[in-house]
Amino acid sequence: MNRAKKAAYLGLSLALCLILSYLESLLPFQFGIVGFRIGLPNFLILLLLSTQGFGSAISVNILRILIVNLLFGNIISLAFSLAAGVLSTLLMFALLKLRSVGFLGASAAGGACHNVVQVAVAAILFKNTALLKLCPPLMLLGLFTGIFCGILSYLCHNRLEKLGIGTKAGNRNKI
Amino acid sequence: MVKKGDIAVISAIAFLAAMLFLLPFFRKSPGKTVKVTVNNKVFGTYSLNDDRTVKISTENGRTTLVIKNGAAYFEGSTCPDKLCEKMGKLSSVGDTAVCLPLKTVAEVTGQ
């Protein structure tokens, strides 16, 4: 992809991420946990990680987090999201580098990591180690939402590849 | 769709979560007092041996801590998720119930 095409593609991805962020804020169910989210934008980030590389994916993710929190959140939610978003993207990138791990594993690990980092940041910000007790259940929850997003990424990746949109030929993360 | 590494990663995380979940059960000793903190400030410390109810009101809502038969638990919380009530009865050292919306934490201590 040339530079202009890539800029347009990433811009579209960012817009789609923002829509997905908004969409999931509309979901009426929270499974009894305040602030519960599926992490829908994550499946796009995963797709970008595997097709456009780490730099593109993390820039889109950071921009998404900044914009979403400026529009709908506050400084505290920005700190949570930024720390969790950056670290889980790093972890997903590292896992995708392994040939034996695909979208599913990377996404599941990313989801779990995202939730654990959020709890850890909350524990640090509120200087309260008792919050860390929430780690195991939130980890499992992140695992399930992560698997869900991983399946979405996989399905999208296959369709995009057939259409020849946005996927590199000879992509080494191809499943 | 599923690769070998995926299953390995997923089971590793599930195992880790299960271990973290079970860890507190391996080192249980009966608690003596329950410490309640609201917004990081100590609200009060109560003996688990005396049955009583403590009304807690914060800027974000109200809840009640019930101490009965050596265990403490939250009841009638005005928070939307009621997670603090679902954490059940606290009786051993280190048992904790957290109410995020009310920024209220009850923790059992050994002193």
Query raised in the report: So which trypsin sites (Lys or Arg not before Pro) in the stretch A:79-149 pass both tests, a DSSP loop state and at most 14 other Cβ atoms within 10 Å of the Cβ?
Result: A:Arg99, A:Lys127
Query raised in the report: Do any cysteines in the protein assembly as shown lack another Cys Cβ under 4.7 Å, and if so which?
Result: A:Cys17, A:Cys113, A:Cys135, A:Cys149, A:Cys156, B:Cys79
Report task. Determine the total buried accessible area between chain B and chain A, counting protein heavy atoms only with a 1.4 Å probe; round to the nearest 100 Å². Result -> 2300 Å²
Query raised in the report: Calculated FRET efficiency, A:Ser100 and A:Leu160, Cβ-Cβ r, R0 35 Å, to nearest 0.05?
Result: 0.95
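Determine the per residue accessible area of chain B with all protein chains present and a 1.4 angstrom probe, expressed in square angstrom.
Normalised by residue count, the accessible surface of chain B is 58 Å².
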Requested in this report: Working with all protein chains in place, sort B:Asp50, B:Asp6, B:Asp95 by solvent-accessible area computed with a 1.4 Å probe, largest first.
Outcome: B:Asp50, B:Asp95, B:Asp6
Requested in this report: With an 8 Å cut-off on Cα pairs and a minimum separation of 6 or more residues, tell me the relative contact order of chain B in percent.
Outcome: 25 percent
Requested in this report: Measure of size requested: the Rg and Dmax of the stretch B:28-109, with Cα atoms as the atom set and Å as the unit; please supply both.
Outcome: 11.3, 34
Requested in this report: May I ask you to derive the FRET efficiency for A:Leu71 and A:Leu125 from their Cβ-Cβ distance with R0 = 22 Å, giving the value to the nearest 0.05?
Outcome: 0.50
Query raised in the report: Can you give the helix-only mean residue ellipticity at 222 nm for chain A, where every DSSP H stretch with n ≥ 4 adds -39500 (n - 2.57) and the sum goes over all residues, rounded to the nearest 500 deg cm²/dmol?
Result: -26000 deg cm²/dmol
Report summary line: So the carbon and sulfur contribution to the accessible area of chain A, 1.4 Å probe, in percent, is 71 percent
Query raised in the report: Cα axis of helix B:4-26 to longest principal axis of chain B: angle in degrees, 0 to 90, nearest 10?
Result: 30 degrees
**Report entry** Degrees, to the nearest 10: A:40-52 long Cα axis against longest axis of chain A
**Finding:** 40 degrees
Report summary line: Over chain A, the quotient of the Cα radius of gyration and 2.2 N^0.38 Å is 1.02
Query raised in the report: For helix A:54-72, what angle does its Cα long axis make with the longest principal axis of chain A, in degrees from 0 to 90 and rounded to 10?
Result: 50 degrees
Query raised in the report: If you build the Cα gyration tensor of the stretch A:34-82 and take the root of 5 times each eigenvalue, what three semi-axes come out, in whole angstrom, biggest first?
Result: 21, 13, 7
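I want to check a number: in chain A, how many lysine pairs have alpha carbons closer than 21 Å, given a sequence separation of 8 or more or different chains?
8
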Query - chain A, accessible area per residue, ligands and nucleic acids excluded (1.4 Å, Å²) - result: 50 Å²
Requested in this report: Can you send over the carbon and sulfur percentage of the accessible area for chain B, probe radius 1.4 Å, protein chains only?
Outcome: 57 percent
Requested in this report: Sort the following peptides by mean Cβ neighbour count (other Cβ atoms within 10 Å, averaged over residues), highest first: B:74-80, A:7-13.
Outcome: B:74-80, A:7-13
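The values are calculated or read from the model by the stated rules, or taken from the named source; none is laboratory data. Just so it is clear, the structure is predicted and the values come from calculations on it, not from any experiment. Cβ coordinates were reconstructed from backbone atoms using ideal geometry, including for glycine residues, and neighbour counts include every protein chain displayed. When the accessible area is computed, the model is the full protein with side chains, heavy atoms only, and any ligands, DNA or RNA have been set aside. Shrake-Rupley method; radii C 1.70, N 1.55, O 1.52, S 1.80 Å.
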